[in-house]
Amino acid sequence: MHHVILGAGPAGVIAADNLRKHDANANITIIGDEDEPPYSRMAIPYLLAGQIGEEGTYLRQDKGHYKNHGIDVKRVRAGAVDPKNKSITLEDGSDVAYDRLLLATGASAIRPPVEGLDLPGVHNCWTMADARAILERADKGDDVVLMGAGFIGSIILEALVKRGVKLVVVEMEDRMVPRMMDETAGAMLKRWCEDKGVRVLTGTQIKGIAESRDGLDVALSSGKSLPARLVVVAAGVASNIGFLKGSGIDTDAGVKVDGFLRTSAPDVYAAGDVAQARDMSTGEFSVLAIQPVAADHGRIAALNMAGHETPHKGSLNMNVLATIGLVTSSFGAWEGVKGGTSARMCDDNAYRYLRLEFDGDRLAGAQAVGLTDHIGIARGLIQTKLRLGRWKDILMTSPERLAEAYVATSQGIAPV
Amino acid sequence: MQMALVIDPGKCTGCKQCELACSYVKEGEFNPAKSRIRVFDFHQDARFVPYTCTQCDDAWCQKACPVDAITTNEWGVKEVHDDLCVGCKVCTIACPFGTINFNASTGKVMKCDECGGDPACVKACPTEAIVYMDVEQAGFDKMRAWAAKTDAAAGTATAH
């Protein structure tokens, strides 16, 4: 049995480890197109901040991990997949035959249609190569413009501030992290950044970037312009599915999979940022490009590939982020569900906010600013659909008692 | 033999000696906010529930860690390696029990590691509400059942 995994990110590596666990004799090959040992993109902000070296981003810290587990890691780009002949053509011209194939090719940073994005000094922040390029131009006092204050932009923001650059953040939507948090939280986050000396321009677009005498000149929709030595583009990511064109494998936003993470082609599975799998909150199939989902997918796909039929009942969308020390998180249906109820606790001065969304007496979504203790319980409550009964009424007026409500409900303790 | 913390909320009086012992041994200060065990206090009911990590077999925190900073030691305990932890906090939202938490003073996450086989909370507990014992014995199954319920609901349960 030869298991081939396209993609050396978390979904691919976790799948390889699980395949080894469940199939001691199989041949396992990971094929990745970057030069580094398998690493975590999530760790890049900490590399930029100088907290860790490149080795600190590696997905497996034991140097002999892949060799010791009989996992062959090839560094080459996949060209095309031929599901009929169960074969992959690599860009070096060679072919690899598979018995079972996992598509874990991840996502790539989007380059929006803005003039000047190909100039030197304009970089995404997604790959290790991007990180190295950013480090070249982000020294203390350098003018840096960050395009995009979504989840990734807001994480990089902290790293750039730690490097001591003069930072301006430009976000086209009306608030920071618009796809992770509501207006209250987004506004709180913006105020926090401005208090820390970072300019945040929301509702502003970058119209074009041009070379100037001193570096780059960034033209804004407001008619103003900003000088920059470096422009970091964090405008979102899209699944890497282009190489599947002509393969017959069904794609949409990502690779379409069923409730067992199987694609439309026999013996081909998909996991992680490239997979369009079930979202637990909506019941729909969508791409959830986040680390915990990649980890869940990788494990479940591997079990199915190894012959242990394991359903994927759906993943929970969730994010956590620190922006210059302010921790924010959101879970599931944080914008609420139809016919549901909402509870909010907000302390503007202390930068604390908690919003809970209920479906009946079950938690359906949550978001938090400045509150971290036992926050994982939000996930537990949402995915177990635990009925909170009278504790829900308590939470409607005191949402901060979430952990207490969970422990009490699990122990059969009624509220007083 | 696999040792584990076994908690009997019925015996807890809410004295919170465990929280003080834990924060002192692990963080060097008497500060319940930095304890890795927390006593939930339902005082109007006179009920107290000590609450900490159950060291899941297939641990959510460990699976979610992007940099391999959480490992399993020979006793099955999940340990955070501070030198590898980058403080990304993904484990804190991945753990459905909320028992791995961010420590703003260190910029790392912290969780119960059973003090390397000699748990401070157990020694501090005056009523044996927290004991350290062989997991084959009664009491542990209840905790496992609790963990399994959360696993099953997520649709990712595997045989232990």
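The values are calculated or read from the model by the stated rules, or taken from the named source; none is laboratory data. What you see is a predicted model, and the numbers here were worked out from it, not measured in a lab. For neighbour counting, all protein chains shown are included, and Cβ atoms are generated from backbone atoms with ideal geometry for every residue, glycine included.
Summed over the stretch B:3-43, the residues that are within 17 Å of B:S105 (Cα to Cα), in contact (Cβ under 8 Å) with a residue 12 or more places away in the chain and either among the charged types (D, E, K, R) or surrounded by fewer than 17 Cβ atoms within 10 Å (Cβ to Cβ) (or both) give a count of 6.
Being touching an Asp or Glu at 6+ places or on another chain (Cβ under 6 Å) and either surrounded by fewer than 19 Cβ atoms within 10 Å (Cβ to Cβ) or assigned by TED's automatic domain parsing to the domain that holds B:C15 (or both) is true of B:E79.
Scanning the stretch A:367-398 for residues that are surrounded by fewer than 21 Cβ atoms within 10 Å (Cβ to Cβ), more than 10 Å from chain B (Cβ to nearest Cβ) and outside any loop (DSSP other than H, G, I, E, B) gives A:R390, A:K392, A:D393, A:I394, A:M396, A:T397.
Let's see how each residue does on (1) over 24 Å from B:G116 (Cβ atoms); (2) in contact with a helix residue (DSSP H, G or I) (Cβ under 6 Å, 6 or more places away or on another chain); (3) within 11 Å of another protein chain (Cβ to nearest Cβ); (4) not small (G, A, S):
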site	(1), (2), (3), (4)
B:K11	yes, no, no, yes
B:E27	no, yes, no, yes
B:S35	no, yes, yes, no
B:C56	no, yes, no, yes
B:C61	no, yes, yes, yes
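Considered as a group, the residues in the stretch A:131-159 that are part of a helix (DSSP H, G or I) and without any contact (Cβ under 8 Å) to a residue 40 or more places away in the chain include one that is farthest from the chain's Cα centre (by Cα), and that residue is A:E136. Could you run through the stretch B:67-109 and say how many residues are part of a loop (DSSP other than H, G, I, E, B), within 12 Å of another protein chain (Cβ to nearest Cβ) and aromatic (F, W, Y)? The number of residues fulfilling the criteria is 1.
Mind checking which residues of the stretch A:181-222 are over 23 Å from A:A350 (Cβ atoms) and outside any strand (DSSP E or B)? Of everything in the stretch A:181-222, those that are over 23 Å from A:A350 (Cβ atoms) and outside any strand (DSSP E or B) turn out to be A:G203, A:T204, A:Q205, A:S212, A:R213, A:D214, A:G215, A:S221, A:S222.
Here A:Y39 fulfils each of the conditions (1) closer than 27 Å to A:G79 by Cα; (2) under 20 Å from the mean Cα position of the chain (by Cα); (3) crowded, with 19+ Cβ neighbours inside 10 Å; (4) more than 10 Å from every other protein chain (Cβ to nearest Cβ) apart from (4). Can you confirm whether A:L261 is under 22 Å from A:R179 (Cβ atoms), within 21 Å of the chain's Cα centre (by Cα), surrounded by 23 or more Cβ atoms within 10 Å (Cβ to Cβ) and without any contact (Cβ under 8 Å) to a residue 60 or more places away in the chain? No, not satisfied. Scanning the stretch A:262-299 for residues that are touching a Ser or Thr at 6+ places or on another chain (Cβ under 7 Å), facing another protein chain (nearest Cβ under 9 Å) and part of a loop (DSSP other than H, G, I, E, B) turns up just one, A:M280.
Scanning the stretch B:8-60 for residues that are closer than 17 Å to B:K123 by Cα, outside any helix (DSSP H, G or I) and of a type in the set (F, W, Y) yields B:F30, B:Y51.
Conditions (1) in contact with a Ser or Thr (Cβ under 8 Å, 6 or more places away or on another chain); (2) buried (at least 18 other Cβ atoms within 10 Å of the Cβ), marked per residue:
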{"site": "A:G208", "(1), (2)": "no, no"}
{"site": "A:S212", "(1), (2)": "no, no"}
{"site": "A:V218", "(1), (2)": "yes, yes"}
{"site": "A:G223", "(1), (2)": "no, no"}
{"site": "A:P227", "(1), (2)": "yes, no"}
{"site": "A:V233", "(1), (2)": "no, yes"}
{"site": "A:S247", "(1), (2)": "no, yes"}
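For A:G56, are the conditions met, namely being over 19 Å from the mean Cα position of the chain (by Cα), in the same structural domain as A:A16 (by TED's automatic domain parsing) and not basic (K, R)? Considered against the rule, which asks whether it is over 19 Å from the mean Cα position of the chain (by Cα), in the same structural domain as A:A16 (by TED's automatic domain parsing) and not basic (K, R), A:G56 comes out as no.
B:P50 falls short of the stated requirement of being at pLDDT 95 or above and closer than 15 Å to A:I375 by Cβ. Screening the candidates A:V407, A:V337 for the property of being assigned to a loop (DSSP other than H, G, I, E, B), aliphatic (A, V, I, L, M) and touching a strand residue (DSSP E or B) at 6+ places or on another chain (Cβ under 6 Å) yields one hit, A:V337.
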